[in-house]
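Below is one structure, written out as structure tokens; comments come after it.
The values are calculated or read from the model by the stated rules, or taken from the named source; none is laboratory data. Source: prediction; values computed, not measured. Please note: Cβ atoms are built from the backbone with ideal geometry, for glycine as well, and neighbour counts cover all protein chains shown.
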2 protein chains.
Amino acid sequence: MALFLSTTVNKVDTKGRVSVPAAFRSALAGQTFHGIVAMPSFKYPAIQCGGMEWMEELSNSVNAYDFFSDEHDALTATLFSKTVQLSFDGDGRIVLPSSLITHAKITNKAAFVGRGPLFEIWEPEDFYAYQLNATNIASEQKLTLRPPPQKSKEEKH
Amino acid sequence: MALFLSTTVNKVDTKGRVSVPAAFRSALAGQTFHGIVAMPSFKYPAIQCGGMEWMEELSNSVNAYDFFSDEHDALTATLFSKTVQLSFDGDGRIVLPSSLITHAKITNKAAFVGRGPLFEIWEPEDFYAYQLNATNIASEQKLTLRPPPQKSKEEKH
DNA sequence: TGGGATTATATGGGATAGCATGGATATTTA
DNA sequence: TAAATATCCATGCTATCCCATATAATCCCA
């Protein structure tokens, strides 16, 4: 599975074009769709992205819900309807749709942020502010130093 | 699993290049990614490093947290976004990114410090000062001489 | 066991290829 | 036909590769 690491800031030109970092592109190499899938994050002013295989995994988790349930409705309404396919041009660039640009408040620069199996696109200053806060949370709770306690099905709410 | 032992000091040239000690490289031999992964340490002005397999283990630990929780967000925002892949060149060297160089205050020399499953890169003088600190040594020895606590479901809060 | 030869490692510098970026031209869509 | 979209080309910059050399470690044989 593709692993997206590190953070890269690239320029967004007047047409909304921006280069996807080469490291991210090579992480997607081998997938059938030559590009990414992108959707607005519902927690942050950011764009959540991944390869088509990642999208298929999300689709499978949705299928775990009952077809007639409210959860199924809510997930499909947000997940699939707001997701766009953005194919690479010959130079590894994508064109950000205006809806995603306004959602992430992006102007002329975009931060590509690795998050493991997925990555996000942020307005750089917004991300730095968020990252500073997140680092404090992680270090205060010492989350990284050892594996967290294993979850069992019985304890989950 | 790779084991990193002993300490080696190597030169950092004007391009930020530095040789990874041969012993560390041979410890990583056999892994699919020909290089290391590196991230800034939370606690010290040092760089924490390991092989890709080590990174995948960290990634799995993250998965133990609820996908939609703030802890999961905080961890991925710090872990993956600050981690970089550094591949070896033909001579076993890596290029340290400027962000990591400034974090560890490295100028023209780098100390590679073995820490078992991972290793750290320090500015040599900083590391000697840290190593000579009696309280650090004492606390670390207490940790290493004691077997790691067994995790059971009962201990969890 | 000693000393010379050979290999591995670390380090420096220059050439090359890939990447990000801007602009121009073709193609589609309304 | 105009606007929006996609494809192609040019360029500066940076990272990567390749080769040369010095030093240290190892090996081999007398």
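Taking the criterion of being within 14 Å of another protein chain (Cβ to nearest Cβ) and near DNA strand C (Cβ under 7 Å from one of its atoms), no residue of the range B:1-34 qualifies. Screening B:Ala64, B:Ala110, B:Ala74 for residues that are facing chain A (nearest Cβ under 10 Å), surrounded by 21 or more Cβ atoms within 10 Å (Cβ to Cβ) and not β-branched (Val, Ile, Thr) leaves exactly one candidate, B:Ala74. The set of residues in the range A:79-103 that are in contact with a Pro (Cβ under 7 Å, 6 or more places away or on another chain), among the charged types (D, E, K, R) and modelled with pLDDT of 95 or more is empty.
Residue count for the range A:35-48 under the criterion of being crowded, with 17+ Cβ neighbours inside 10 Å and either away from every other protein chain (no Cβ under 14 Å) or not polar (S, T, N, Q) (or both): the result is 9. Residues in the range B:60-102 that are more than 16 Å from DNA strand D (Cβ to nearest atom) and farther than 16 Å from A:Gln131 by Cα: B:Asn60, B:Ser61, B:Val62, B:Asn63, B:Ala64, B:Tyr65, B:Asp66, B:Phe67, B:Phe68.
With respect to the conditions (1) at pLDDT 95 or above; (2) away from DNA strand D (no atom under 16 Å from the Cβ), A:Met55 falls short on a single one, namely (1).
Applying the criterion of being within 14 Å of DNA strand D (Cβ to nearest atom) and in contact with a helix residue (DSSP H, G or I) (Cβ under 7 Å, 6 or more places away or on another chain) to the residues of the range B:12-35, the residue that is farthest from B:Gly116 (Cα to Cα) is B:Gly16. Is there a residue being surrounded by fewer than 14 Cβ atoms within 10 Å (Cβ to Cβ) and within 14 Å of chain B (Cβ to nearest Cβ) anywhere in the range A:79-96? No; the residues of the range A:79-96 include none that is surrounded by fewer than 14 Cβ atoms within 10 Å (Cβ to Cβ) and within 14 Å of chain B (Cβ to nearest Cβ).
For the range A:15-74, the set of residues classified as free of Cβ contacts under 8 Å to residues at least 12 places away in the same chain and under 13 Å from the mean Cα position of the chain (by Cα) consists of A:Lys43 only.
Being more than 16 Å from DNA strand C (Cβ to nearest atom), among the hydroxyl-bearing types (Ser, Thr, Tyr), in a helix (DSSP H, G or I) and out of contact with any helix residue (DSSP H, G or I) (no Cβ under 9 Å at 6 or more places or on another chain) is the filter here, so list the residues in the range B:58-115 that pass it. Within the range B:58-115, just B:Thr102 meets the criteria.
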